[in-house]
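One structure below.
Readers should treat all values here as calculations from the given coordinates under stated rules, not as data from a laboratory. As the structure is a computational prediction, the values presented were derived from the model and not from experiment. Cβ placement follows ideal geometry from the backbone for every residue including glycine, while neighbour counts extend to all protein chains displayed.
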Amino acid sequence: DTGVSQDPRHKITKRGQNVTFRCDPISEHNRLYWYRQTLGQGPEFLTYFQNEAQLEKSRLLSDRFSAERPKGSFSTLEIQRTEQGDSAMYLCASSLVTQVGFDEQFFGPGTRLTVL
Amino acid sequence: AQSVSQHNHHVILSEAASLELGCNYSYGGTVNLFWYVQYPGQHLQLLLKYFSGDPLVKGIKGFEAEFIKSKFSFNLRKPSVQWSDTAEYFCAVSRDTGRRALTFGSGTRLQVQP
């Protein structure tokens, strides 16, 4: 399967613990996005990378959140000192952006985080 | 900032009924428009997209959507739904340049009864 993959698919943690999620985009894609989706809502933008550069972070992304994309390949999203409000589905998407043309984002299956 | 409104939160239809899901967005600039679908237990999949040109766009599985710029709308339609169309449908918008992150609506849950 050459789509976007995410690991783990489910994570249960206790409040105050740190968690890290991984996203592997489609191999030739230069953009990678992180979104968060809570029950009954559509996904909300968190941050995105163009190759290895993190170009923007949403106000939703507090200081406890950090994301990396070393070498412009896979990406990790870390949440420190988790809170119950962090419980959500974390989605990764990737796309190939060129100077001309559109930006179609392909989504991974998501990581469902439950903070007890 | 962009925002997207989906007016129908939960729609129940019988098979063969026609479908129209409303989507309105607010943004003053040039936008790209999308409809994504999430079948039970599966990840988000692109149903159709509009970037430019013909405002009536056709997607997979017989879906189509019409972009009406004057109404800031991008409604999804299907003339005859099937049980397999049961899913959650999300309208999304992105700016034409720059960040291009998607702004999603809150989704419409479609339930098709056999």
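Less than 22 Å apart at the alpha-carbon level, and either on another chain or at least 8 residues along: which lysines does that give for B:Lys71?
Here the lysines satisfying the reach criterion relative to B:Lys71 are B:Lys49, B:Lys58.
What does the net charge come to around A:Ser73 if you take all other residues with beta carbon closer than 12 Å to its beta carbon, with K and R at +1 and D and E at -1?
Numbers: positive: A:Arg22, A:Arg69, A:Lys71; negative: A:Asp24, A:Glu28, A:Glu52, A:Glu68.
Combined, the nearby Lys, Arg, Asp and Glu give -1.
Grab the other residues whose beta carbon is less than 10 angstrom from that of A:Cys23, score K and R as +1, D and E as -1, and report the net.
Numbers: positive: A:Arg22, A:Arg69; negative: A:Asp7, A:Asp24.
In short, 0.
Any idea what the relative contact order of region A:1-49 is, in percent, if you count C-alpha pairs under 8 Å spaced at least 6 apart?
30 percent
When Cβ neighbours within 10 Å are restricted to other protein chains, what is their mean count per residue of peptide A:29-41? The partial results should precede the final answer.
Working: counts 0, 0, 3, 0, 4, 1, 4, 0, 5, 0, 0, 5, 5.
Average neighbour count from other chains, rounded to a whole number: 2.
Work through the residues other than B:Leu19 whose Cβ is under 12 Å from its Cβ and net out their charges, Lys, Arg +1 and Asp, Glu -1.
Numbers: positive: B:Lys61, B:Arg77, B:Lys78; negative: B:Glu15, B:Glu20, B:Glu64, B:Asp85.
Surrounding charge for B:Leu19 is -1.
Be a star and scan region B:79-93 for residues whose amide nitrogen sits under 15 Å from the point 7 Å along the Cα-to-Cβ vector of B:Ser14.
B:80-83
In nm, give the distance between the simple-model label positions of A:Leu39 and A:Ser73, each being 7 Å from the Cα along the Cα-to-Cβ direction.
Computed distance between label sites A:Leu39 and A:Ser73 equals 3.8 nm.
Relative contact order, percent, of chain B when contacts are C-alpha pairs under 8 Å separated by at least 6 residues? If you can, show how the numbers build up before the last one.
Numbers: 280 pairs, mean separation 42.8, N = 114.
Here the relative contact order equals 38 percent.
Find the relative contact order for chain A and round it to a whole percent, using C-alpha pairs within less than 8 Å whose residues are 6+ positions apart. The partial results should precede the final answer.
Details: 288 pairs, mean separation 42.0, N = 116.
Relative contact order of chain A: 36 percent.
Would you list which aspartates and glutamates come within 20 Å of B:Lys78, measuring only between C-alpha atoms, while excluding same-chain residues fewer than 8 positions from it?
List returned: B:Glu15, B:Glu20, B:Asp54, B:Glu64, B:Glu66, B:Glu88.
Obtain the nm distance between the two label points defined at A:Leu55 and B:Ile68 by a simple spin-label model: each point lies 7 Å from its Cα along the Cα-to-C-beta direction.
The answer from the label model is 3.4 nm.
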